[in-house]
Amino acid sequence: MKGLIFIFAVLLQLYAGSAVELDAMYSDSTKCKACHHYIIEQWESSWHAKSHYKNDEYFRKTVDYIGRKSRRSTNAIQVGCASCHNPRIAVTETDIDYEIMVAMKLDEHSEVNKALQNDLLSEGINCVVCHNIDKIHADLDGSKRGVHRVSWMKSGTMVGPLEDAFSPYHKVQKRDFFNEEADTLCFVCHANDRSEEGIVFTNMESEYRKGEKMCVDCHMSPRHEGIASTLRINDGKQRTRLVRDHLFAGGHVSSMWNGALDLEAKSQGDGLVVTLINPQPHNIPSGFGARELILEVEYLNGSEAMGRHSMSLTRTYTSKRGKPTIPHLAKEMGPDMSVPAHGKKSVKFPLAKGADAASITLYYRLVNDEVRGMLELQEPIWSEKMLVNSLVQKL
Ligand code: HEC
Ligand code: HEC
Ligand code: HEC
Ligand code: HEC
Ligand code: HEC
């Protein structure tokens, strides 16, 4: 038994990784509410706030599915995912010894289990993830992401975009990755997501075609006049500044999809060629692996329906046993069906005889049928078809 306790103690040290403990004064968003409540309300509406096993059904069922298929403990899997999904976790790595402890049912009081049960993690990507990063090591090899790509600030200093901020509650420091280099902050996690078999199934950084706008212009808001804090620090008045909204709105927000891609169509021989045009600086779909575009074509003669076609543009994944699987277990991927950044993609439908017009509608869905079925996702958001664009083309 003594031997075991000794091994246990050594393991605890190994697990310590690069985590920096957070002082209770700054540990979660409730501590910021007195002076930044409107920012917290915006952030709470985002999926950054839902990034946790408890709060995102898709994430939870993916972790459980990987656990079942790979026979690893779901705790060890969660520690790996936490590097981007819950980066303030107190342990950053587990190894085979932890699996042995799980198998022997000795893991209950381990640092790994304690770290995962910490309530603060349920806030996902919260204020003290982004605003406590001291340095981003963008020169590291592409596989090092999330917690493995940053060094943390001492707890109690908030980094941000402002040159001349003063706060009585915390120290402040300016960093360029909140200003002209803001894309680097997003690429800490929004890049190079890979499967257990080492397949990179999404890489926003390599597909990115940088233009005038940065990620924050479209997914937070343009800079506008507002306040950074409600505290009356300016001769008894609140100080106005140029700020952005903390919305981080993306694929889960149907209004964001309105007009995200443009449509063109023309008849060519015996077919109707539909072209999807992407004005955005990254591919669409992108980000996560099983997203989907759905194109529907209905042929008409006057008001009479002449037949329908539907096409799914998504990616498929195969496991090491050659069976359909989820992105995180992929050994191989099907062709990339996304519309490239600042690019186009054309597809062809058979023409209906006698039709004088085609009504074309483009939708987006967060999870394709195959993966939604495998994971048995229940919440309506995963199957909702969000309207992207539509067009009626005379033939
Ligand atoms: C995903 C990263 C991220 C998270 C999470 C985040 N912020 Fe920010 N925050 C930013 C960026 C980027 C800016 C710079 C916006 C700009 O250009 O003005 C910013 C700016 C700010 C500013 C300065 C005002 C402004 O808009 O420029 C304050 C204050 C702030 N954040 C507080 C918070 C608080 C409080 C939370 C938690 C609810 C939070 N942030 C969560 C990325 C983040
Ligand atoms: C007692 C009030 C108060 C509390 C509580 C508070 N802050 Fe602040 N914070 C301020 C003030 C005041 C400023 C400066 C605003 C300005 O200069 O316009 C500020 C500025 C900031 C900035 C911008 C720094 C920069 O250089 O751009 C960030 C980021 C920030 N706070 C994050 C947080 C976070 C995260 C918490 C919770 C852990 C928090 N604050 C709690 C008052 C507070
Ligand atoms: C610490 C890692 C991390 C950083 C840094 C980060 N994100 Fe995220 N982001 C995530 C994760 C993980 C999710 C998915 C959460 C979920 O759905 O459970 C996400 C989700 C999003 C979404 C929602 C996507 C959708 O399909 O709805 C947007 C938009 C987004 N992030 C934008 C940004 C922007 C802009 C920045 C830079 C200012 C940024 N993120 C920085 C990890 C991060
Ligand atoms: C010119 C505006 C613009 C810029 C810049 C931009 N995006 Fe997007 N992004 C969009 C639009 C439009 C969509 C589709 C609607 C939506 O999901 O918001 C989108 C979708 C997304 C999605 C969901 C993709 C999917 O297929 O589910 C993520 C994640 C995302 N963006 C992250 C980022 C990150 C990270 C950056 C910076 C590297 C960035 N975006 C830069 C406009 C932009
Ligand atoms: C390299 C950083 C990184 C790692 C590691 C990572 N993720 Fe993610 N994950 C992201 C980002 C960024 C997004 C948001 C992309 C988007 O919405 O398009 C995301 C989105 C997701 C989504 C979609 C959530 C939603 O609400 O639509 C699932 C599911 C997911 N991740 C599962 C996992 C699992 C399970 C693991 C661990 C085995 C993991 N991820 C590891 C960065 C990461």
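The values are calculated or read from the model by the stated rules, or taken from the named source; none is laboratory data. Source: prediction; values computed, not measured. No Cβ is skipped: glycine too gets one built from the backbone with ideal geometry, and neighbour counts run over all protein chains shown.
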Worksheet, complete the sentence: Across (1) more than 14 Å from ligand 1 (Cβ to nearest atom); (2) surrounded by 21 or more Cβ atoms within 10 Å (Cβ to Cβ), Pro87 clears everything bar (1)
Discussion item. Contact list please: Cβ distance under 8 Å, first residue in segment 28-41 and in the same structural domain as His170 (by TED's automatic domain parsing), second residue of a type in the set (Lys, Arg), pairs at least six apart or on different chains.
Written reply: Ile40/Lys33
Worksheet entry | Selection status of Pro350, exposed (fewer than 14 other Cβ atoms within 10 Å of the Cβ), not aliphatic (A, V, I, L, M) and not assigned by TED's automatic domain parsing to the domain that holds Ile39 | yes
Worksheet item: Which pairs have Cβ atoms under 9 Å, sit 6 or more apart or on different chains, and link a residue in segment 294-307 that is free of Cβ contacts under 8 Å to residues at least 40 places away in the same chain to one that is surrounded by 14 or more Cβ atoms within 10 Å (Cβ to Cβ)?
Response: Ala305/Glu298; Ala305/Tyr299
Fill in: Residue under evaluation Val200, criteria (1) more than 11 Å from ligand 1 (Cβ to nearest atom); (2) at positive phi, criterion not met
(2)
Practice prompt. With the checklist (1) in contact with a Cys (Cβ under 9 Å, 6 or more places away or on another chain); (2) within 11 Å of ligand 3 (Cβ to nearest atom); (3) not in a loop (DSSP other than H, G, I, E, B) in hand, flag the one item Lys31 doesn't pass.
Written response: (2)
Worksheet entry | Meets criteria (outside the structural domain of Glu384 (by TED's automatic domain parsing) and more than 15 Å from Asp28 (Cβ to Cβ)) for Ala76 | yes
Worksheet entry | Total residues in segment 132-158, condition over 26 Å from Phe201 (Cβ atoms) and either surrounded by fewer than 19 Cβ atoms within 10 Å (Cβ to Cβ) or not assigned by TED's automatic domain parsing to the domain that holds Tyr26 (or both) | 7
Worksheet item: What number of residues within segment 278-287 satisfy the criterion of being assigned to a loop (DSSP other than H, G, I, E, B), within 6 Å of ligand 4 (Cβ to nearest atom) and not hydroxyl-bearing (Ser, Thr, Tyr)?
Response: 5
Worksheet, complete the sentence: Filtering strands (runs of 3 or more DSSP E) wholly in segment 211-277 for at least 1 residues that are near ligand 1 (Cβ under 9 Å from one of its atoms) gives 224-227, 240-243
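Condition first: at pLDDT 95 or above and under 17 Å from the mean Cα position of the chain (by Cα). Now tell me which residues in segment 114-145 satisfy that. Don't jump to the end; show me each part of the working.
Taking segment 114-145 and keeping what is at pLDDT 95 or above, we get 123-137.
Passing the criteria: Glu123, Gly124, Ile125, Asn126, Cys127, Val129, Cys130.
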Discussion item. Show the residue pairs meeting these rules: Cβ distance below 6 Å; 6+ apart or different chains; first residue within segment 191-208 and surrounded by 19 or more Cβ atoms within 10 Å (Cβ to Cβ); second residue in a strand (DSSP E or B) and among the aliphatic types (A, V, I, L, M).
Written reply: Asn192/Val200
Worksheet item: In segment 98-110, is there at least one residue being in contact (Cβ under 8 Å) with a residue 60 or more places away in the chain, surrounded by fewer than 17 Cβ atoms within 10 Å (Cβ to Cβ) and among the small types (Gly, Ala, Ser)?
Response: no
Worksheet, complete the sentence: Among (1) under 28 Å from Glu379 (Cα atoms); (2) not in a helix (DSSP H, G or I), Ala82 falls short only on (2)
